Amino acid sequence: MAFEIESLFTIIGEAVVYFAIFLFIIAVLGSLLIGYSFKTERFIFPNFMLFSIILLETLVKALFRFVGMDDSMVDDVGIALKNKISMRKFRDTPLDKRLIFFPQCLRASACPSKLSPEGMQCINCGSCEIGQAKKSAEELGYKVFIVPGSSFIRRLVRKHKPAAILGVGCMTEVKAGLEMCEKLNLFGVGLVLEKAGCVSTVLDWDKFYEFIEFDGHA
Ligand code: SF4
């Protein structure tokens, strides 16, 4: 009996070791593909990459740090992959069922907008690009909000019941926003700020207009 228990533990021990080696190989392969995709902007085996990011994020990031590379590449590629997967569904969604969220830090530092239950009320004063971008997106049919934080987003999502969301923010916010969309079964796409921070952040506006398919003639 003691011998049987001992051999059972040996089998379990070996299985754990093999499983750990298997996960490690997945993480190494995922890391190589992520590094390659980041450099070339070409996605090879996107589902495998996403699988390795979702399941083994900590290990994949540790491998990046181990070889002296910036582990934010993992988030960058993860967001690009999720955007790629959701973009078609996002664009198939009727425009009046799509919401756009801008972070308040993207406004000009002297922004005259006032806070309301629907976020900052932009008056399109011309001091930053948000005014024009909001106008263009609303002409297309989007609902657009400038929000001070994620609690506003959750409340506005509950109120307006969108089917798709475009969120603009820093890497951490966009990552959290896409995870929220997955939980709520919404088609989420995210645009990461070129320069993050608390004030006067920077967005690649050409990318934004490309995302919302605004060709300047709405
Ligand atoms: S355009 Fe809108 S968001 Fe930008 S500074 Fe003026 S009121 Fe604020």
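May I ask you to verify whether Leu59 is at pLDDT below 90, out of contact with any Ser or Thr (no Cβ under 8 Å at 6 or more places or on another chain), part of a helix (DSSP H, G or I) and hydrophobic (A, V, I, L, M, F, W, C)? Lay out the reasoning, then the answer.
Working: at pLDDT below 90: yes; out of contact with any Ser or Thr (no Cβ under 8 Å at 6 or more places or on another chain): yes; part of a helix (DSSP H, G or I): yes; hydrophobic (A, V, I, L, M, F, W, C): yes.
Against the criterion (at pLDDT below 90, out of contact with any Ser or Thr (no Cβ under 8 Å at 6 or more places or on another chain), part of a helix (DSSP H, G or I) and hydrophobic (A, V, I, L, M, F, W, C)), Leu59 qualifies.
Applying the set (1) under 30 Å from Ile130 (Cβ atoms); (2) surrounded by fewer than 14 Cβ atoms within 10 Å (Cβ to Cβ) to Ile25 leaves exactly one unmet item: (1).
Residue pairs whose Cβ atoms lie under 6 Å apart, separated by 6 or more positions or on different chains, with the first residue in the stretch 107-121 and assigned by TED's automatic domain parsing to the domain that holds Leu193 and under 10 Å from Pro148 (Cβ atoms) and the second hydroxyl-bearing (Ser, Thr, Tyr) and buried (at least 16 other Cβ atoms within 10 Å of the Cβ), are Met120/Ser113. Could you say whether any residue in the stretch 157-171 is surrounded by fewer than 22 Cβ atoms within 10 Å (Cβ to Cβ), within 17 Å of Leu203 (Cβ to Cβ) and out of contact with any helix residue (DSSP H, G or I) (no Cβ under 6 Å at 6 or more places or on another chain)? Checked the stretch 157-171: at least one residue is surrounded by fewer than 22 Cβ atoms within 10 Å (Cβ to Cβ), within 17 Å of Leu203 (Cβ to Cβ) and out of contact with any helix residue (DSSP H, G or I) (no Cβ under 6 Å at 6 or more places or on another chain).
Out of Cys111, Cys105, Cys125, one residue alone is under 23 Å from Gly169 (Cα atoms), in a helix (DSSP H, G or I) and within 16 Å of the ligand (Cβ to nearest atom). It is Cys105.
With respect to the conditions (1) within 16 Å of the ligand (Cβ to nearest atom); (2) in a helix (DSSP H, G or I), Ser86 falls short on a single one, namely (1).
Taking the numbered list (1) in contact with a Leu (Cβ under 8 Å, 6 or more places away or on another chain); (2) surrounded by 12 or more Cβ atoms within 10 Å (Cβ to Cβ) in turn, Glu194 passes all entries but (2). Taking each residue of the stretch 130-148 that is within 14 Å of Phe211 (Cβ to Cβ) and looking for partners that are among the basic types (Lys, Arg) and away from the ligand (no atom under 13 Å from the Cβ) with beta-carbon atoms closer than 7 Å, six or more apart or interchain, yields Tyr142/Arg98. Ile100 passes every criterion in (1) within 11 Å of the ligand (Cβ to nearest atom); (2) touching a residue at least 40 places away in the same chain (Cβ under 8 Å) apart from (1).
Checked against the criterion of being within 16 Å of the ligand (Cβ to nearest atom) and not aromatic (Phe, Trp, Tyr), the candidates Ala164, Ala137 yield just one match: Ala137.
The values are calculated or read from the model by the stated rules, or taken from the named source; none is laboratory data. Worth saying up front: this structure is predicted, and the values here are computed from it rather than measured. Note: ideal-geometry Cβ built from the backbone for every residue, glycine included; neighbour counts use all protein chains shown.
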